[in-house]
1. What are the pairs, 6+ residues apart or on separate chains, where a residue within segment 167-182 that is in the same structural domain as residue 229 (by TED's automatic domain parsing) and free of Cβ contacts under 8 Å to residues at least 12 places away in the same chain has its Cβ under 8 Å from a residue that is loosely packed, with under 15 Cβ neighbours inside 10 Å and part of a loop (DSSP other than H, G, I, E, B)?
2. Would segment 113-128 turn up any residue that is within 20 Å of residue 248 (Cα to Cα), under 15 Å from the mean Cα position of the chain (by Cα), assigned by TED's automatic domain parsing to the domain that holds residue 46 and modelled with pLDDT under 95?
3. If the requirement is being closer than 30 Å to residue 69 by Cα and without any contact (Cβ under 8 Å) to a residue 60 or more places away in the chain, which of these qualifies: 229, 211, 269?
4. Exactly one condition in (1) surrounded by fewer than 23 Cβ atoms within 10 Å (Cβ to Cβ); (2) over 16 Å from residue 141 (Cα atoms); (3) at pLDDT 95 or above is false for residue 284; which is it?
5. Determine, yes or no, whether residue 67 is over 23 Å from the mean Cα position of the chain (by Cα), surrounded by fewer than 19 Cβ atoms within 10 Å (Cβ to Cβ) and in contact (Cβ under 8 Å) with a residue 12 or more places away in the chain.
6. Hey, does segment 299-316 have a residue that's touching a strand residue (DSSP E or B) at 6+ places or on another chain (Cβ under 8 Å), crowded, with 16+ Cβ neighbours inside 10 Å and in a helix (DSSP H, G or I)?
7. Quick one: which of 16, 27 is in contact with a helix residue (DSSP H, G or I) (Cβ under 8 Å, 6 or more places away or on another chain), surrounded by fewer than 19 Cβ atoms within 10 Å (Cβ to Cβ) and at pLDDT below 50?
8. Which of (1) in a helix (DSSP H, G or I); (2) touching a strand residue (DSSP E or B) at 6+ places or on another chain (Cβ under 8 Å); (3) more than 25 Å from residue 353 (Cβ to Cβ) is the odd one out, the single condition residue 221 does not satisfy?
């Protein structure tokens, strides 16, 4: 059945429910929609497609998507079901957000940074030189900060949640112990990370994680700047030999978002049930998703290829930080030139990072 017909049926049934005296009590232990008194057995279920680029075996699919889909289904009394299309089987990573906007897919999970320049203000959450203790902190800062900013650049879809990787490191086929080792080295990066690496003298090469294994194996790039989870989730431990810890370089934001027309067509109690599922799954699953993966991935890498672990000295780290700190000032200037509140965004990020580093450290 077409979505337009489904929406019409929903509206008629909802109105009928109101006129026949259905009550709308507060949510109980039942799903929100069930507690609201709607008779879902008489309704036609809404089936939504979700596109993402992670492999079907990746925790983004097996943990986040699976548990969120279950929570949405339960919360809406089975009225809304989600079918996942992992591994770029529906859209490539770069196409997903616009695919949600245009309705090619109903839902999408991808990185904001895969469409460089599309989300200028949100780059505040990926700026180098800001410390996130872990992915819980980074995800909480991202979601709370985005809701506070409510930027125009995301108003063309309905954002379900935002989550982040937290700190990222360099995984390379040659050792990187100092700036001199990094200079001229081709490193896979996307979004603001590319600018960060360029400031350090490396040569950033833009590509999705799904393309990086082959690029590393063939020597197209000599390394990757990413969270440790890629060593297992994308099996990059098989094609890299060194890990250089760089906690001040990296943070990447992911989104889960819905087509705005579909969201607007849903009855208020269905929307409320979905938002309850969003909040619960973000807190219980999404925020710590990369922390869980990072711990597992480091153990996997040590067993798989036993890479050399490299920690920069304080003096060497200071050299790197001195080169990347100006990126924050450039961000503010660039945003203000576009009429966007860059200074406000940066202040929000720093304030929330301090707040949640203390809470989740």
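The values are calculated or read from the model by the stated rules, or taken from the named source; none is laboratory data. A quick note: this is a predicted structure, and the numbers were derived from the prediction, not measured. Cβ sites come from the backbone with ideal geometry, for glycine too, and all protein chains shown count toward neighbours.
1. Qualifying pairs under 8 Å: 181/174; 181/175.
2. yes
3. Selected residue: 211, the only one of 229, 211, 269 that is closer than 30 Å to residue 69 by Cα and without any contact (Cβ under 8 Å) to a residue 60 or more places away in the chain.
4. Exception for residue 284: condition (2).
5. Here the answer is no, as residue 67 does not meet what is asked.
6. yes
7. 27
8. (1)
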